[in-house]
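Data block below; observations after.
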Amino acid sequence: MMFMGTCTGRLQPQQPCGPAQRAAGWATRCLFLAGRAWAAMLALLVSAPAALAQDEVPFITTPDRVTIAMLELAGVGAADHVVDLGSGDGRIVITAARRFGASGLGVEIVPELVVKSRASAQAAGLAARTEFREQDLFVTDLARATVVTMYLLPEVNLQLRPRLLALAPGTRIVSHDWDLGEWRPDRSLTLEVPEKAIGREKKSRVMLWVVPARLHGTWCSGTLRLHVEQRFQRFSATLEERGRSAPVAVFDGRIEGTLAATDGGLTTQARLRLAGDALRLESASHAAAAHAGRTFARQPERTGAGPAGCTD
Ligand SMILES: C[S@@+](CC[C@H](N)C(=O)[O-])C[C@H]1O[C@@H](n2cnc3c(N)ncnc32)[C@H](O)[C@@H]1O
């Protein structure tokens, strides 16, 4: 089954703000952000059909080759559960099931599109492995997702970012065209898409993020203290030993899922892996090599003054 073309639908700019946010007094901000976001989308629609009515904002479909590139970039397979936030006509979830054997959920606020998605899944014999829900994506439970796909808008992506960062380490997120601000993608590619309905360049950017384990803080192993500073998937670590005035090692690198690894080079190299609550120094070079194999426990955050330390 191939999906073609651009559909239109009535999108309500206030919809991206979930009930909880509204209840918390975020309505004004949400409306403002959504308005700016949709203005950005409208700016891209300069080449869209002129017949579009003022009050009818098109929803834009991801072209098939871009859908496949997104799912390939995420390495989607039969064990995956793909959640498409704002699933339109269901193409991403259906392609994930049909071509990659995954299961999936699409959430969409336009009822007709949900009906259409279910019918397409049924026709493709994929109704058992796919679900389409009429739901605000801001209230969707993402706990089951191993892959999250999005073709939304920059401000909406930024609103979603804290929830995406809180997903299980290793969860893959793929976005079509719009990024996640300062959380840089782990991988990205640009495709030539002559059939693209919007934009002058006829290109699509596809970006992948792998949710990093949350390692920020102090970790202890006997007389060793490991302090990790983390910003999204980048980290720097200082390994100290009680009784030594200088650190044993200082190193930095990238976190991908549960693995934190240095980037290579002549300085200290190390690999740390989170398993449950324990952080294991799988391998290390230079002075840290003597401590390879050690397992660290997280030190509770201190509320009072003074640096966190290891007690035994
Ligand atoms: C640009 S389209 C992408 C459709 C599909 N994911 C694709 O890539 O082909 C964005 C979709 O998000 C839906 N949408 C917008 N706000 C939403 C919200 N708050 N909750 C659920 N769906 C939403 C729109 O109706 C639209 O179908």
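Coordinate-derived values only; no laboratory data. In this text, all values refer to a predicted model and were calculated from it rather than measured experimentally. Cβ coordinates were reconstructed from backbone atoms using ideal geometry, including for glycine residues, and neighbour counts include every protein chain displayed.
By the count of other C-beta atoms within 10 Å, a proxy for reagent exposure, THR218, THR95 are ordered fewest to most as THR218, THR95.
Using Cα pairs closer than 8 Å and at least 6 residues apart in sequence, work out the relative contact order for the range 217-298, in percent.
Relative contact order of the range 217-298: 22 percent.
The stretch between ALA78 and HIS216, if pulled fully straight at 0.36 nm per residue, gains 46.4 nm over its current Cα-Cα span.
On the basis of the beta-carbon distance and an R0 of 51 Å, THR223 and ASP64 show a calculated FRET efficiency of 0.30. Among SER103, SER117, SER236, SER87, a tally of other beta-carbon atoms within 10 Å of each Cβ gives an order, fewest to most, of SER236, SER103, SER117, SER87.
FRET efficiency for ARG231 and ARG133, Cβ-Cβ distance as r, R0 = 45 Å, nearest 0.05? About 0.85, to the nearest 0.05. The simple Förster model, with R0 at 35 Å and r as the Cβ-Cβ distance, assigns LYS203 and GLU112 a FRET efficiency of 0.75. Modelled label positions at THR295 and ASP179, each set 7 Å beyond Cα in the direction of Cβ, lie 3.9 nm from each other. Applying Stokes-Einstein at 37 °C and 0.692 mPa s to the Kirkwood radius of the range 113-250, computed over alpha-carbon pairs, gives a translational diffusion coefficient of 179 µm² s⁻¹. Modelled spin-label separation between ARG242 and GLN122, with each label point placed 7 Å from Cα along the Cα-to-Cβ direction: 6.8 nm. Scoring 154-162, 189-197 by mean Cβ neighbours within 10 Å over their residues and listing the highest first yields 154-162, 189-197.
Ignoring aspartates and glutamates fewer than eight residues from LYS202 along the same chain, the ones with Cα atoms less than 17 angstrom from its Cα are ASP64, ASP177, GLU192. The label-point distance for ALA287 and ARG187, in a model that sets each label 7 Å from Cα toward Cβ, rounds to 3.7 nm.
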